[in-house]
Amino acid sequence: MFLLKQPVVRTAEVYARMPDAFRKGDVLTEWAQANRGGMPVDSFLEGPVWAPDGTLYVTDIPHGRIFHLDRFREWAMIVEYEGEPNGMKLLDDRHLLITDYRNGLMLLDVATGRVRPYLARRNTERFKGVNDLTFDRHGNLYFTDQGQTGLHDPTGRVYRLRPDGQLDTLLDNCPSPNGLVLSPDEKVLFVAMTRGNCVWRVPLRPDGSVSKVSQFFTSHGPSGPDGMTIDNAGRLFVANPGLGRVWVLNHHAEPVEILMSPEGASLTNLCFGGPEMKTLFMTESASGTVLSVEMDIPGLLPHQGPQRM
């Protein structure tokens with residue numbers, strides 16, 4: 001009889017805590033009113049991005065801020081603007097592409113702090129509320145349009161933006177599409193469905209279409225899968241707020257490791273970084289904390305985008 005091996009359980013460490021000087025206190029924003037039950041939040045960290053120079057970038061959604069942490073773990077604010085920045089990816093060595101819930105896709109020049117629209121609308125129609133993004137090796141951008149969708153309204157969307165500007169709708173029946181990541185061979189797109197409490201497996205066909213979409217992993221609890229990343233072995237890392245953990249899944253969607261948060265249950269997003277790409281950085285959003293844990297296998301190097309600025 002085959003017995004499933006029990007996953008290894010480890011607790012992450014606190015890498016850096018947002019300084020009090022940057023915390024907003026009891027400020028009730030429109031975003032918090034809708035997404036945090038009307039409770040004021042001093043920050044809500046998301047979108048970690050590791051840069052080759054050793055900088056770690058994070059977003060603060062409700063207060064429209066982008067921060068960077070240097071190699072000494074010192075915080076600095078790059079910009080504060082009228083937006084709700086969530087996921088981010090490096091477009092090139094100087095620019096971050098941001099999924100902004102309020103404004104659509106936005107472009108940040110990290111040297112000057114200038115933020116400008118990249119893709120605000122489709123056919124003059126606003127997005128529901130974009131959430132996260134990832135590039136493939138050809139410069140195609142995949143991103144989720146989550147809004148307030150869920151099991152009651154499974155109309156969230158997953159898009160692909162091609163380097164020539166063509167925007168394709170890959171999925172339009174999603175219950176809260178959130179984080180997304182490509183398999184190492186880029187033949188499969190994994191998409192977290194937060195309110196569906198699961199991860200979908202989306203095969204990408206050679207002609208650019210999708211087919212035979214299935215449910216790859218099922219979680220539980222008050223809030224489902226959020227941000228995701230992947231390592232060189234193809235293991236999927238799924239941040240699960242509500243449970244305060246990261247699921248590390250093998251090719252059969254079996255948890256081989258469970259990484260626990262020491263700071264709270266709102267563990268929202270994650271990325272690999274460090275000199276050997278073996279450090280997993282995670283945002284514990286409600287506490288304003290960045291966590292880390294060392295892994296044995298390096299993360300897959302993320303691709304950057306096309307030059308269409």
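The values are calculated or read from the model by the stated rules, or taken from the named source; none is laboratory data. Treat the numbers as computed from the prediction; the structure is a model and nothing was measured. All Cβ positions, even for glycine, are placed from backbone atoms using ideal geometry, and neighbour counts span all protein chains on display.
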**OP:** Filter region 180-210 down to the residues that are acidic (D, E) and either free of Cβ contacts under 8 Å to residues at least 24 places away in the same chain or in a strand (DSSP E or B) (or both), then identify the one that is surrounded by the most Cβ atoms within 10 Å (Cβ to Cβ).
**Re:** D185
**OP:** Note down all Cβ pairs under 7 Å where the first residue falls in region 132-158 and is in contact (Cβ under 8 Å) with a residue 24 or more places away in the chain and buried (at least 19 other Cβ atoms within 10 Å of the Cβ), the second is polar (S, T, N, Q) and assigned to a loop (DSSP other than H, G, I, E, B), and they're at least six residues apart or on different chains.
**Re:** F135/Q304; Q146/S176; T149/T155; T149/S176; G156/Q146; G156/T149; G156/S176
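Conditions (1) among the basic types (K, R); (2) at pLDDT below 95; (3) out of contact with any Lys or Arg (no Cβ under 9 Å at 6 or more places or on another chain); (4) surrounded by 13 or more Cβ atoms within 10 Å (Cβ to Cβ), marked per residue:
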| residue | (1), (2), (3), (4) |
| --- | --- |
| I61 | no, no, yes, yes |
| R71 | yes, yes, yes, no |
| I98 | no, no, no, yes |
| L105 | no, no, yes, yes |
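Per-residue answers, yes or no, for (1) assigned to a loop (DSSP other than H, G, I, E, B); (2) under 16 Å from R10 (Cα atoms); (3) more than 15 Å from the chain's Cα centre (by Cα):
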{"site": "K212", "(1), (2), (3)": "yes, no, yes"}
{"site": "P225", "(1), (2), (3)": "yes, no, no"}
{"site": "I230", "(1), (2), (3)": "no, no, no"}
{"site": "A239", "(1), (2), (3)": "no, yes, no"}
{"site": "L243", "(1), (2), (3)": "yes, yes, yes"}
{"site": "I258", "(1), (2), (3)": "no, yes, yes"}
{"site": "L280", "(1), (2), (3)": "no, yes, no"}
{"site": "S292", "(1), (2), (3)": "no, yes, yes"}
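Determine whether P177 is within 23 Å of V49 (Cβ to Cβ), surrounded by 23 or more Cβ atoms within 10 Å (Cβ to Cβ) and not basic (K, R). Working first, answer last.
Working: within 23 Å of V49 (Cβ to Cβ): yes; surrounded by 23 or more Cβ atoms within 10 Å (Cβ to Cβ): yes; not basic (K, R): yes.
When the stated conditions are applied, P177 passes them.
For region 1-50, enumerate the residues that are aliphatic (A, V, I, L, M) and either in contact with a helix residue (DSSP H, G or I) (Cβ under 6 Å, 6 or more places away or on another chain) or in a loop (DSSP other than H, G, I, E, B) (or both). Give the derivation first.
Just the residues of region 1-50 that are aliphatic (A, V, I, L, M), to begin with: 1, 3-4, 8-9, 12, 14, 16, 18, 21, 27-28, 32, 34, 39, 41, 45, 49.
Hits for region 1-50 are M1, L3, L4, A12, M18, V27, L28, M39, V41.
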